[in-house]
Amino acid sequence: MTQIVVINFGSQVAHLINRRIRELGVFSELMPCDISASKIKKLNPLGIILSGGPASVYSKNSPKLDKKIFSLGIPVLGICYGMQLIGKEYGRVLGGKLKEYGKKSLLVKKQGKLLKKLNSKEQIWMSHGDLVTSLPKDFRVLASTDSCPIAAMENDSRKLYGVQFHPEVVHTLRGKQILRNFVFDVCKAKKDWNINLAAKLINDVREEVKADSVIMGTSGGVDSTVAAVLVHRAVGNRLHCVFIDHGLIRKNEAKTVRNRFKKLNFEHFYFIDASKLFLSRLKGVVNPEKKRKIIGFTFIEVFERKVLELNKKHRGIKFLGQGTIYPDRVESAKTSSASSKIKSHHNVTLPRKMKLKVIEPLKDLYKDEVRELGKHLKLPSEIINRHPFPGPGLAIRILGSVTPERVSILREADNIFREELKISNYYDKVWQALAALFPLKAVGVKGDARTYEYIISLRAVTSKDAMTADWARLPSWLLEKISSRILNEVKGVNRVVYDISQKPPATIEYE
Ligand code: XMP
């Protein structure tokens with residue numbers, strides 16, 4: 001059951017709120033800002049949070065809220081833009097007056113319900129916007145800053161609360177306490193998220209699939225494995241798992257994945273070696289989106305062939321199970337006219353073109369939630385802690401055209417990189433590590449001979465959810481060891497570089 005509804009007025013910020021509530025162990029869901037009061041009533045949540053957002057409540061095109069939401073008798077916490085909506089409804093808002101933003105000191109005058117357990121002075125994060133200038137009727141001011149006289153307010157009898165700053169960002173040091181106060185003390189929510197999640201997801205799959213069968217493509221990665229295990233628990237031997245080797249997987253991966261699924265006792269696991277087909281279609285293709293599309297379409301083809309074959313024997317395969325997670329959908333979607341599509345994520349664009357109905361049990365989860373779920377399902381740690389690996393595989397790490405020679409060079413370099421990270425215990429300290437091959441050759445010298453060979457770029461990043469990332473500060477002794485192993489052991493490489501780009505502006509993968 002949805003306990004908290006977060007109404008989204010500006011994507012990224014709202015997602016953070018949603019995550020924080022779930023971190024408190026409470027099931028919350030994001031809803032678009034045009035949701036009607038009657039729909040919320042149907043959801044019957046214990047609390048509503050109005051997120052921040054980039055707009056001013058005074059601008060013509062600012063997102064509007066169904067005002068009846070305020071009279072549902074459900075507690076409402078407005079954050080930034082959300083507080084201004086409350087202010088506009090019950091008091092007065094002053095446009096564009098809050099010029100100072102960033103880290104500020106919050107002076108707590110009264111704790112009320114919302115600021116319980118906070119000290120008289122707390123660090124908060126303010127983002128610029130309108131100011132609520134006159135206190136709405138029956139509200140009281142809880143806190144202010146030097147530039148914002150009403151930084152937090154509440155009307156406890158009507159269960160309306162507002163903060164001008166952002167409790168969901170880490171720079172608001174006690175932000176989580178504020179959310180805790182709202183969620184548990186005001187809304188009386190109960191911890192339920194992690195406890196019931198697996199059971200809920202399994203049940204959802206069971207209800208959707210009914211007596212039909214499901215086919216899933218699995219890559220052996222965290223997402224697709226967790227998704228497959230959930231579906232398997234829901235439908236048992238009516239799940240057919242297919243692993244397609246597109247010739248762009250990591251060294252030894254095929255064997256590892258096969259063994260893993262054997263151990264997981266899946267009744268139907270099929271391995272298809274389609275590497276020749278994929279590599280022939282990629283020949284000479286340089287454009288990253290084209291590569292992704294070719295791989296995606298070829299996947300569909302190979303998959304559909306398998307479905308036809310299986311349906312002759314088993315019949316009733318009507319569903320395609322996918323391990324799509326929340327960030328995949330965000331980055332592949334054009335969420336508003338102002339945002340642009342970054343990449344066609346393989347597992348998002350692919351199934352939309354197939355005739356099967358798609359089920360994506362993990363579609364609302366962030367990666368760390370998927371990992372938690374994996375632990376709950378008692379999956380071995382080598383699956384849970386595995387670094388993400390993209391569906392199009394090494395093709396998007398070979399800049400330019402993909403050739404068998406380049407694939408084999410990259411595969412060896414990548415394997416050395418991962419081996420050394422594991423030996424040194426750095427593998428689990430980074431979000432993801434990868435090697436990429438630049439389609440350029442540099443001059444070098446080996447023995448006494450001149451060489452003219454490829455450049456390998458090593459990239460290791462830290463991140464919480466892949467939406468943003470920083471390059472990992474790996475120690476120089478480790479980089480030295482990896483570099484010298486690659487230069488000595490991988491034929492065709494005479495230079496290794498380390499990528500020190502953050503996301504944004506870079507992305508984690510190269511294409
Ligand atoms: P980027 O490169 O967009 O990647 O910063 C963010 C995360 O997503 C992974 N990634 C993919 N995963 N299919 C996937 O399953 C894809 O097509 C794909 N492209 C990127 C990437 O490895 C990183 O963890």
Fill in the blank from the handout: For the range 1-107, shape from the Cα gyration tensor axes a ≥ b ≥ c, cut at a/c of 1.5 then a/b versus b/c, turns out oblate
Fill in the blank from the handout: Inter-part gap, Cα centre of the range 473-489 to Cα centre of the range 104-177, in whole angstrom, is 50 Å
Practice task
May I ask what percent, to the nearest 5, of DSSP beta bridges between residues of the chain are antiparallel?
Solution key: 50 percent
Practice task
Could you pull out every residue, at least 5 positions away or on a different chain, whose amide H is within less than 5 Å of the one on Val132? Hs are placed 1.01 Å off N in the peptide plane, and Pro or chain starts have none.
Solution key: Leu94
Exercise for the section: Evaluate the relative contact order of the range 197-384 (contact order divided by residue number), counting alpha-carbon pairs under 8 angstrom at least 6 apart; express in whole percent. Expected result: 27 percent
Fill in the blank from the handout: In deg cm²/dmol, rounded to the nearest 500, the helical mean residue ellipticity at 222 nm of the chain, built from -39500 (n - 2.57) for every DSSP H run of length 4 or more, is -10500 deg cm²/dmol
Handout entry: Dipole magnitude of the chain about its Cα centre (Cβ charges: Lys, Arg +1; Asp, Glu -1), debye to nearest 20
Key = 740 debye
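Report, please, the projected area of the chain averaged over directions, based on the convex hull of its C-alpha atoms, in nm².
26.1 nm²
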Problem - Highest average packing first - 117-123, 249-255, Cβ atoms within 10 Å - result: 249-255, 117-123
Fill in the blank from the handout: Taking a crude spin-label model, label points 7 Å out from Cα along the C-beta direction, the Leu479 to Ile272 distance in nm is 4.2 nm
Practice task
Please calculate how many Å² of accessible area the chain carries per residue, with a 1.4 Å probe and no DNA, RNA or ligand atoms counted.
Solution key: 45 Å²
Problem - Ranked by how many other beta carbons lie within 10 Å on average, peptides 257-269, 397-409 from highest - result: 397-409, 257-269
Exercise for the section: Give the Rg (one decimal place) followed by the Dmax (whole number) of the range 106-177, computed from C-alpha coordinates and expressed in Å. Expected result: 11.3, 32
Handout entry: Relative contact order (%) - the chain, alpha-carbon pairs under 8 angstrom, separation at least six
Key = 10 percent
Exercise for the section: Report, in degrees rounded to the nearest 10, the 0 to 90 angle that the Cα long axis of helix 404-423 makes with the longest principal axis of the chain. Expected result: 60 degrees
Problem - Under 19 Å from Lys429, Cα to Cα: lysines that are on another chain or at least 8 residues apart - result: Lys367, Lys375, Lys464, Lys481, Lys503
Exercise for the section: Multiply the residue separation of Lys491 and Lys39 by 0.36 nm, subtract the distance between their alpha-carbon atoms, and state the gained length in nm to one decimal. Expected result: 156.5 nm
Handout entry: Dmax and Rg, reported as Rg then Dmax, of the range 397-498 (C-alpha, Å)
Key = 13.9, 47
Fill in the blank from the handout: Taking protein heavy atoms only, a 1.4 Å probe, and rounding to whole percent, the accessible area of the range 397-498 owed to carbon and sulfur comes out at 53 percent
Handout entry: Average silhouette area of the range 197-384, convex hull of alpha-carbon atoms, in square nanometres
Key = 11.2 nm²
Problem - Sites Ile500 and Ser147, calculated FRET efficiency, Cβ-Cβ separation with R0 30 Å, nearest 0.05 - result: 0.25
Practice task
Could you work out, for the range 242-322, what percent of all Cα-Cα pairs fall into each 5 Å distance bin, beginning at 0 Å and stopping at the bin that holds the largest distance?
Solution key: 3, 12, 21, 21, 21, 14, 6, 2, 0
Fill in the blank from the handout: In the neighbourhood of Glu29 defined by beta carbon distances under 14 Å, the net charge of the other residues (Lys, Arg +1; Asp, Glu -1) is +3
Practice task
Using a 1.4 Å probe over the heavy atoms of the protein chains, calculate the carbon and sulfur portion of the accessible area of the range 93-240 as a whole percent.
Solution key: 50 percent
Practice task
Would you mind working out the magnitude of the charge dipole of the range 397-498 relative to its Cα centre, with +1 at each Lys and Arg C-beta and -1 at each Asp and Glu C-beta, to the nearest 20 Debye?
Solution key: 120 debye
Problem - Nearest 10 degrees, 0 to 90: helix 367-376 Cα axis against the chain principal axis - result: 80 degrees
Handout entry: Label-zone membership for the range 396-432, site Thr507, 7 angstrom Cα→C-beta point, backbone N under 19 Å
Key = 396-402, 431-432
Fill in the blank from the handout: Ordering Met153, Met467 by the accessible surface of their heavy atoms, 1.4 Å probe, largest first, yields Met467, Met153
Handout entry: Alpha carbon centroid spacing (whole Å) that separates the range 287-307 from the range 361-406
Key = 18 Å
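The values are calculated or read from the model by the stated rules, or taken from the named source; none is laboratory data. Please read all numbers here as calculations on a predicted model, not as lab measurements. So basically every Cβ, Gly included, is an ideal-geometry build from the backbone, and we count neighbours across all protein chains shown. Calculation scope for accessible area: heavy atoms of the full protein, side chains included, ligands and nucleic acids excluded. Shrake-Rupley method; radii C 1.70, N 1.55, O 1.52, S 1.80 Å.
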